[in-house]
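Only one structure is covered here, and it is reproduced in the block below.
Bear in mind that the values in this text are calculations on the coordinates, not laboratory data. Fair warning: this is a prediction, and the values are worked out from it, not measured in the lab. Here the Cβ positions follow ideal geometry from the backbone for every residue, glycine too, while neighbour counts run over all protein chains shown.
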């Protein structure tokens, strides 16, 4: 991303073209392939009700960032795009996106938008994106296994110690049943689910501006020690060690796992495979009762620098926040609204697990980093290496020390 050509597109320059292109009625929008279901539904609904049209182009996730960067640098950017919110800081710093601060603050529901999305879309006190889709991490469990283990299915664990105690009782059922599951060979999934445990315990892995590694926080070692203790107690399936996220739905849906960490997508996936499973959900707890946290994920929507139709692009963005979209498309399809004031709706009332997800998203956090991928998403990155060395090899102090050193090296190089 350091090679991307920079060019300032301030509000004055943007305003001069904001009302241009009146004769053009079609704009191009790029979106990640994982957003296909709701992006397709949104675009169709917009096109069915507006004179101006949107042409959607779905890009494979692994190609998206590079393709967008190349298009913007080469002057062939789409008019509109949705992108994983973790990449907004580097696109904003690279002056690749239109400043939409003024327009955003005209939205009457601005204060109800996902705070984490807004934070990652902000650079140098300017806003370059708004929430498009939302996700949140939380604890899920199989109520039937809770009952079989003599546990109250309406009283989920509220601390790490309670999770381990409940997991041990469930694992004692035998016959291939385990108390807890996590995929141990995937970076992104564990950032989404494990990192909030550190936050809930009052720690962090990065400073607020992403410039300093903070893995020496006692909460980091404590959270790793928690997972290590469960692994040593054999309440986690042995297959977890090599699981690269390909079984994050199938394993919970098997009915052989008491608890796991996931998101709204997990609810949908498990119910698809095991429609009769009685699911429970609660917040990701900290070391002590009363603590909890969540990772706020999803996509942000932005207008790339070079958009030929920023006015129509803004019309589409503003329209996505309407109740017809937030409730009628997103909630109707078991996705989370990005407006917290619309979290309670006719669909979530029927699916209380989604209310847990929505509340978790509202409080959710996301690391702000210009080198997010190298630190956290890469399968060769220091975050996954730390988790594996601590949990599977049992070397918590060594894992933390190595990760702290590598984190800071990557940050210093990338910044």
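Separation of the stretch 105-121 from the stretch 239-259 is 35 Å, based on Cα centroids.
Taken along the Cα-to-beta-carbon direction at a fixed 7 Å, the label points for residue 50 and residue 26 span 1.6 nm. Quick one: helix 61-73 against the long Cα principal axis of the chain, what's the angle to the nearest 10°, folded into 0 to 90? Approximately 30 degrees, to the nearest 10.
Helical runs (DSSP H, four residues minimum) scored at -39500 (n - 2.57) apiece and divided by the length of the chain put the mean residue ellipticity at 222 nm at -11500 deg cm²/dmol. Of all the options 320, 25, 266, the one that moves most in a Gaussian network model of the chain with Cα springs shorter than 10 angstrom is 25.
DSSP bridge analysis restricted to the chain gives an antiparallel fraction near 65%, rounded to the nearest 5. Under 1.5 on a/c is rounded, so check that first for the stretch 231-285, then, if it is not, pick prolate when a/b is larger than b/c and oblate when it is not; a ≥ b ≥ c are the square roots of the alpha carbon gyration tensor eigenvalues. Note, shape of the stretch 231-285 comes out prolate. First check a/c for the stretch 159-302, with a ≥ b ≥ c the square roots of the eigenvalues of its C-alpha gyration tensor; if it is under 1.5, answer rounded, and if not, answer prolate when a/b is larger than b/c or oblate otherwise. Oblate, because a/c is 1.5 or more while a/b does not exceed b/c. Axis of helix 396-414 versus longest Cα principal axis of the chain: the two differ by about 10°, to the nearest ten degrees.
Which parts of the stretch 312-345 would a label at residue 57 reach, counting a residue when its backbone N lies under 19 Å from a point 7 Å out along Cα-to-Cβ? The answer is 312-314, 316-317. Under the criterion of Cα pairs below 8 Å and six or more residues apart, the relative contact order for the chain equals 25 percent.
Shape verdict for the stretch 296-415, please, from the Cα gyration tensor: rounded (a/c under 1.5), prolate (a/b greater than b/c) or oblate. Oblate, because a/c is 1.5 or more while a/b does not exceed b/c. Peptides 104-110, 357-363, 146-152 ranked from most to least packed by the mean count of surrounding Cβ atoms within 10 Å: 357-363, 146-152, 104-110.
Relative contact order of the stretch 316-415: 16 percent, from C-alpha pairs under 8 Å at least 6 residues apart in sequence. Of (i) 0.93; (ii) 1.03; (iii) 0.98, which one was derived for Rg/Rh (Cα atoms, Kirkwood Rh) from the structure shown? Working out Rg/Rh (Cα atoms, Kirkwood Rh) from the coordinates points to (iii). Stretching residue 245 away from residue 415 to a fully extended chain increases their span by 58.2 nm, per 0.36 nm per residue minus the current alpha-carbon distance. Relative to the longest principal axis of the Cα atoms of the chain, helix 264-273 runs at roughly 60 degrees.
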